[in-house]
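Each remark here refers to the structure printed beneath this line.
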Amino acid sequence: MKKTLTALALAIATATPALAELVVPNMSYRTGPYAPGGIPYADGFNDYFTLLNERDGGIGGEKVVTPECETAYNTEKGVECYEATKGGGALVYNPLSTGITYQLIPKVSADKIPLYTPGYGRTSAANGKVFEWVFNYPANYWDGASVAIKYLLEENGGDLNGKKIALVYHNSAYGKEPIRTLTELSKKHGFTLVEVPVDHPGQEQKSQWLQIRRDKPDYVLMWGWGVMNAVAIQEAANIKFPMENFIGIWWSGSENDVLPAGDGANGYKSLAMHGTGMDYPVYDELKKFVYDAGKSSGVGDQVGSVLYSRGMYAALVISEAIRKAQELAGTPQITAAQLRDGFEALEITEARMAELGLPDFGQPFAASCADHGGPGAALLQQWDATAKKWSLITGFIAPDDEVLDPLIAEDSAAYAAENKITERCN
């Protein structure tokens, strides 16, 4: 592993200037139990930057390189990848792991390199007053938990009093993120929260689903990832839990999660950060400049899937932040510190998304010194096992900021005190 990382660092450091002006490392995982999520995300991430390079000559005339470093969704390996690549002109990191994110926050803050964690990571990093170098817009885990409860409120005439909601979660920093929010929401709305942890990697869940069959919750929410998702959906089908009452976070809502269960997954729901499917003009551009040109990442079998689209979306946001940074700095050859300025001044409107070939795909947002988290709205999608496709069943639902804002303020203040950070933006 160390030999591989050393070789990667050397390759980046010795790349010709024309090819390494804009370095955006791809901290991927194409091996292990989390590969079903890591592969499509990495492919979408790479392919979008390839599109910009092939169609536009890069960003601002500068080519983008995305050197991959395999983390296997392992925190230690993720930190090793960061250390191996940061000296090669890395502009931003997107580790696709909450565990790695927690370890990198103090490192990127010291090294002055942006960390972009869309829809994952440390939720309270949405507070830019404390987390200067971290951005998690357009939504975070606490937003997701709140949106799920708001959806269930709508399904129950605004009243969840007396209902029982089980949370099946990956027993890690990632899976534990929504517990605090759901606990507060249970107090506000009168439902009982039942916590059901699943240990890594999640291939064995018999006891958890026997507990759910015994406890008879009205609804099940899931914070899962990798093989855990498919196993949970199969186990839910085995005990005949009504799938329409089973809702996953956006990391538990890909094709890989539902296809293994066949017809048993029909009606399963998940949150969504963005639109689904390939009915967007950007896919015509990708086909012309990337797929048909033989420049696809991986083997090309993930195109258009939920997580491929999410990796593409992350690359889009990073590319737009790079454009903004170039504009602010007055040069296309930006530094990581200048890219941070781009992230903080970034605004993506509905009109801009349409220009980029993704109309009605993601929610518009505008960042600021204090707001690194975005509006936090989310959609609900539902799986049709016969058609083998996801369909959106709601528009964007806004989170309950009345509950979330105090939690973010409290958690970020504790982090600031512990790390002797003085709030900015005042």
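The values are calculated or read from the model by the stated rules, or taken from the named source; none is laboratory data. On a predicted model such as this, the values are computed, not experimentally measured, just so you know. Glycine also receives a Cβ, built like all others from the backbone with ideal geometry; neighbour counts cover every protein chain displayed. The accessibility values were calculated without ligands, DNA or RNA, using every heavy atom of the protein model including side chains. Shrake-Rupley method; radii C 1.70, N 1.55, O 1.52, S 1.80 Å.
Structure above, values below:
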| read-out | value |
| --- | --- |
| Single condition Ala337 does not satisfy, out of (1) in contact (Cβ under 8 Å) with a residue 24 or more places away in the chain; (2) part of a loop (DSSP other than H, G, I, E, B); (3) surrounded by fewer than 20 Cβ atoms within 10 Å (Cβ to Cβ); (4) not charged (D, E, K, R) | (2) |
| Total residues in the stretch 340-356, condition of a type in the set (D, E, K, R) and surrounded by fewer than 16 Cβ atoms within 10 Å (Cβ to Cβ) | 4 |
| Count - residues of the stretch 340-362 that are assigned to a loop (DSSP other than H, G, I, E, B) and either small (Gly, Ala, Ser) or farther than 16 Å from Thr117 by Cα (or both) | 8 |
| Leading residue by the ranking (most open to solvent (accessible area, probe 1.4 Å)) among those in the stretch 211-231 that are at pLDDT 95 or above and of a type in the set (Gly, Ala, Ser) | Ala230 |
| Which listed residue is farther than 19 Å from Met312 by Cβ and open to solvent by 10 Å² or more (accessible area, probe 1.4 Å), from Pro375, Pro359 | Pro375 |
| Sole residue being acidic (Asp, Glu) and closer than 14 Å to Asn245 by Cβ, chosen from Glu155, Glu184 | Glu155 |
| Among residues of the stretch 10-50, those that are modelled with pLDDT under 50 and crowded, with 19+ Cβ neighbours inside 10 Å, counted | 2 |
| Residue ID - least open to solvent (accessible area, probe 1.4 Å), chosen from residues in the stretch 389-426 that are under 19 Å from Ile105 (Cα atoms) and of a type in the set (S, T, N, Q) | Ser412 |
| Residues (under 26 Å from Ala148 (Cβ atoms) and assigned to a helix (DSSP H, G or I)) located in the stretch 261-309 | Ala261, Gly262, Asp263, Gly264, Ala265, Val306, Leu307, Tyr308, Ser309 |
| Test result for Val258, crowded, with 19+ Cβ neighbours inside 10 Å, touching a residue at least 12 places away in the same chain (Cβ under 8 Å), of a type in the set (A, V, I, L, M, F, W, C) and closer than 19 Å to Gly38 by Cβ | yes |
| Meets criteria (open to solvent by less than 50 Å² (accessible area, probe 1.4 Å) and touching a residue at least 24 places away in the same chain (Cβ under 8 Å)) for Ala321 | yes |
| Test: residue in the stretch 279-302 that is crowded, with 21+ Cβ neighbours inside 10 Å and within 20 Å of Lys176 (Cα to Cα) | no |
| Members of the stretch 232-249 that are surrounded by fewer than 24 Cβ atoms within 10 Å (Cβ to Cβ) and under 18 Å from Asn171 (Cβ atoms) | Glu235 |
| Glu327 vs. criteria under 26 Å from Arg55 (Cβ atoms), touching a Pro at 6+ places or on another chain (Cβ under 9 Å) and surrounded by fewer than 18 Cβ atoms within 10 Å (Cβ to Cβ) | no |
| Selection count, the stretch 377-404, where residues are among the small types (Gly, Ala, Ser), touching a residue at least 12 places away in the same chain (Cβ under 8 Å), farther than 27 Å from Arg122 by Cα and not in a strand (DSSP E or B) | 1 |
| Criterion: open to solvent by 10 Å² or more (accessible area, probe 1.4 Å), of a type outside the set (Val, Ile, Thr) and under 16 Å from the mean Cα position of the chain (by Cα) - qualifying residue of Ser270, Ser305 | Ser305 |
